[in-house]
Amino acid sequence: MNIFKRKVKKTVLVCCGTGCLANNSFEIYKGLKKKIEDLAVNVKVRPVVKATGCNGLCEKGPIVTILPDDVFYCGVKVTDVDEIVENTVLNNKVIERLLYFDSAKGKKVRSHKQSEFYRKQLKIALRNIGQIDPGNIDDYIERGGYSALRKVLFKMSPKGVISEVERSGLRGRGGAGFPAGLKWRQCAEMDNFPKYVVCNGDEGDPGAFMDRSIMEGDPHSILEGILIGAYAVGSEKGFIYIRDEYSLAIKNMTKAIEKAAERGFLGQNIMGKGFSFDIEIVRGGGAFVCGESTALMASIEGRVGEPRIKYIHSTEKGLWGQPTVLNNVETWANIPVIINKGAGWFSRIGSKGSRGTKVFSLVGKVRNTGLIEVPMGITLREIIFDIGGGIIGSGKFKAVQTGGPSGGCIPESLLGLGVDFDSLNEVGAMMGSGGMIVMDENTCMVEVARYYLKFLSEESCGKCIPCREGIKRMLEILEDMCTGKGREEDIELLLEISETVKEASLCGLGKTAPNPVITTIKYFRDEYLAHIKDRRCPAGICRELTVYYIDRDVCRGCGLCRKGCPTEAISGEIGSRFTIDTSKCIKCGSCKEICRLNAVKVLGGAAE
């Protein structure tokens, strides 16, 4: 029954994840299916959700993969359907123009696995995405799905399961990195019923889509992990909390629950072993703070999503005051693999304090954006330059921000840093849920701090004063700096407020909110000083502090800047020196970005 061992039939996998769906991948799927059905050939076509999420390369979609030849096509259009069927499916001819171009190798590759983008990746949580139809439980079962559940029910005691997870060294992938096995043990030791297990699918970080991709592309792996956890701690009821805008994730998780129940993996007396468990989906309203565990549980209970002081752990008193284990989507998706392959196998992957792999959404000014899964301990340089392909265009790397809006910005001098929970904390950043935003030299770090503080001020629930008022005050100071009104003493004031907010805030959102400010001051203080003392934004982003001019000693009169100017503010003749009319310039920066000779410069521009 294993489709991947078939040699006769070909399988055409069409990515139907959110990104590819937005580019008509479902129309491509329907077109391929109809074409093949009309031809009545011995070919099987199936939609696969988030193949590009698994394979990364979301910007290269829609993706079509043809097995067993492993031909990987990018940027496929509906008009390519006939050619793909007639050439590749029927006659084994590769269409060169649709192959993936590996920028690291400088050539096109037949299989995505041949590219540098994949060479350093290791897929555990993303193991099935892009390979199975998430709506078909048989696809999951054919790849070993629910065998881990069978193993624990027939061969392992609840204590044995917990010991296995503890020995694996798995730490929660939601951000805090708390040991998953220890959390399970604390809950299991509570002699208080009912107990609950919760899956946190409330992924609110801008630019992050790790959990969404797993829920969309491999929902049964999450269910199986939750079932194993429930068996270990003695729970009969679980909840999956998903933000409402994740419509495809909700749809696929709902269908997976229905199918699992039909097959006897959910409900009463599962597999005849006396273990009963049910689970339901709770749709979140999209508040960022509901990613925090206690706020999430308050939301499930029907109350306002606000955090509470954690005098008592949720494993003792969580949902409705009962013992509760809460892990995020990626954590649960790791569990079946750990059970099947063993704690020893898992613990040999990664770094000393952070075992296994981590899924990141790699975005920003990097050539290859998308979802990646890498062993813990891999360096930032490997992620950004080997997997990500380096900086777009001729730009220079400046910083990478990890951990979502309350993460820190890491400079070029730390590119050799091995990425794991502890190393990121040591440099002022954090793992978070796995957002990773790459920035180039045209990024203003003061503006970056302002941007994230604005987001966090809007997302603060307002329950505690340090978070509610402290973030607002920091935002006001940063806005002043970005408009030329900053004072030299403001830098120390920002650090002072940051310390107070970190120490006195109620929950993780407040405690980590100052990270963008602290790290940008720590690593990019000269930019703050340029904004304050020189009234100049070196990156040319803060408009009130920017005046563009063309260095006549560098300009060769190619005219590219004039072509790229949306307001016709640049004048000159080809072969002569060009100039910018500042009265017409809107400071969009397009001239600076397009100039190959770096002749466009930035001056200060703040009016006193």
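The values are calculated or read from the model by the stated rules, or taken from the named source; none is laboratory data. Remember, it's a predicted structure, so these values are computed and weren't measured experimentally. When we count neighbours, we look across all protein chains shown, and the Cβ atoms used for this are built from the backbone with ideal geometry, even at glycine. We work out accessible area using only protein heavy atoms, side chains counted, and drop any ligands, DNA or RNA first. Shrake-Rupley method; radii C 1.70, N 1.55, O 1.52, S 1.80 Å.
Each peptide in 516-527, 358-369 was scored by the mean count of other Cβ atoms within 10 Å over its residues; highest first, the order is 358-369, 516-527. A convex hull fitted to the Cα coordinates of the stretch 302-427 yields 164 cubic angstrom per residue. Expressed as a fraction of 2.2 N^0.38 Å, the value expected for a compact globular protein of N residues, the C-alpha radius of gyration of the stretch 259-312 is 1.58. Over all distinct Cα-Cα pairs of the stretch 232-296, the Kirkwood formula returns a hydrodynamic radius of 13.2 Å.
Looking at the chain, the accessible area is 40 square angstrom per residue; that uses a 1.4 Å probe and ignores ligands, DNA and RNA.
For the chain, how big is the tail of P(r) above 31 Å, as a whole percent of Cα pairs? Considering the chain, 55 percent of its Cα-Cα pairs are separated by more than 31 Å.
Plainly put, the stretch 131-219 has a radius of gyration that is 1.01 times its Kirkwood radius, both from alpha-carbon atoms, as the Rg/Rh ratio. If R0 equals 60 Å, the separation of the Cβ atoms of Asp70 and Lys472 corresponds to a calculated FRET efficiency of about 0.65.
State the antiparallel share, in %, of DSSP beta bridges confined to the chain, rounding to the nearest 5.
Given both bridge residues lie in the chain, the antiparallel proportion sits at roughly 60 percent.
Based on C-alpha pairs under 8 angstrom that are at least 6 apart in sequence, the stretch 54-166 has a relative contact order of 17 percent.
Phi angles across the stretch 404-410 convert, under the Karplus curve 6.51 cos²θ - 1.76 cosθ + 1.60 with θ = phi - 60°, into 3J(HN,Hα) values of x, x, 9, x, x, 9, 9 Hz, Gly and Pro given as x. Compared with the direct C-alpha span, the chain from Leu39 to Leu603 gains 196.5 nm at full extension, assuming 0.36 nm per residue. Taking 0.36 nm per residue of separation and subtracting the Cα-Cα distance, what length does fully extending Ala176 through Arg487 add? Once the chain is fully extended between Ala176 and Arg487, it gains 108.4 nm. Would you please give the FRET efficiency between Ser571 and Glu441, computed as 1/(1 + (r/R0)^6) with r the Cβ-Cβ distance and R0 = 30 Å, to the nearest 0.05? Taking R0 as 30 Å, the efficiency between Ser571 and Glu441 is 0.65.
For the chain, the carbon plus sulfur part of the accessible surface works out to 49%, probe radius 1.4 Å. Here the extension length gained between Lys155 and Lys273 equals 41.4 nm, from 0.36 nm per residue of separation less the Cα-Cα distance.
Each Cα pair under 8 Å and six or more residues apart adds its separation to the average, and for the stretch 315-421 the resulting relative contact order is 19 percent. Enumerate the residues in the stretch 518-560 having an amide nitrogen under 16 Å from the point lying 7 Å beyond the Cα of Thr582 toward its Cβ. Backbone N within reach: 534-538, 540-552.
For the chain, relative contact order (Cα pairs under 8 Å, six or more residues apart, normalised by length) works out to 11 percent. For the peptides 540-550, 224-234, 86-96, the ranking by mean Cβ contacts within 10 Å, running from highest to lowest, is 224-234, 540-550, 86-96.
Packing order of peptides 481-489, 72-80, highest average first: 72-80, 481-489 (average count of other Cβ atoms within 10 Å over each peptide's residues). With a cut-off of 12 Å between beta carbons, the residues surrounding Gly169 carry a summed charge of +2, where Lys and Arg count +1 and Asp and Glu -1.
Averaging Cα coordinates gives a centre for the stretch 85-137 and one for the stretch 481-528; these two points are 44 Å apart.
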